[in-house]
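S.K.: I have a structure I would like to understand better, so I am pasting it below and will then ask my questions one at a time.
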């Protein structure tokens, strides 16, 4: 899949999220596919930052996986509340900011 196709797929995912009343503060594409060193079986790691998440990571991810399934089974969502994403001690959030591709 070309970088443009990844972007289009993730924009469709963002639209699907918005249709379900979740506002997106930020969205990043990260991981092996974003870096261009993916394998055929690699997923599409995407970070979604929203103040509308409950803070219950299991429930938030369950909702995102359901929405992602409408778009592509390769999407691997990661949910963050804004304060979690801004936490300088959250290693994953800092890595996403440093190496990810901002979609929104």
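The values are calculated or read from the model by the stated rules, or taken from the named source; none is laboratory data. Please read these numbers as outputs of a predicted model, since none were measured by experiment. Glycine also receives a Cβ, built like all others from the backbone with ideal geometry; neighbour counts cover every protein chain displayed.
S.K.: With the requirement that a residue be surrounded by 15 or more Cβ atoms within 10 Å (Cβ to Cβ), closer than 17 Å to residue 95 by Cα and modelled with pLDDT under 95, what does the stretch 19-41 give you?
M.R.: 31, 33, 34
S.K.: Same structure again: Quick one: count up the residues across the stretch 35-51 that are under 16 Å from residue 71 (Cβ atoms) and assigned to a loop (DSSP other than H, G, I, E, B).
M.R.: Qualifying residue count, the stretch 35-51: 1.
S.K.: For a quick check of your reading of the model, give me the residue pairs whose first member lies in the stretch 87-104 and is closer than 19 Å to residue 76 by Cα, whose second is at pLDDT 95 or above and in a loop (DSSP other than H, G, I, E, B), with beta-carbon atoms closer than 6 Å and at least 6 apart or on different chains.
M.R.: The qualifying pairs are 104/24.
S.K.: On to the next question. I'm trying to understand the selection: among the residues of the stretch 23-34, which are in contact with a helix residue (DSSP H, G or I) (Cβ under 7 Å, 6 or more places away or on another chain) and assigned to a helix (DSSP H, G or I)?
M.R.: 33
Yes/no matrix, rows are residues, columns are (1) surrounded by fewer than 21 Cβ atoms within 10 Å (Cβ to Cβ); (2) touching a residue at least 24 places away in the same chain (Cβ under 8 Å); (3) more than 18 Å from residue 13 (Cα to Cα):
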position: 43; (1), (2), (3): yes, yes, no
position: 50; (1), (2), (3): yes, yes, no
position: 55; (1), (2), (3): yes, yes, yes
position: 63; (1), (2), (3): yes, yes, no
position: 68; (1), (2), (3): no, yes, no
position: 72; (1), (2), (3): yes, yes, no
position: 76; (1), (2), (3): yes, yes, no
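S.K.: Moving on to the next point. Which of (1) modelled with pLDDT under 95; (2) at negative phi is the odd one out, the single condition residue 16 does not satisfy?
M.R.: Status for residue 16: all satisfied but (1).
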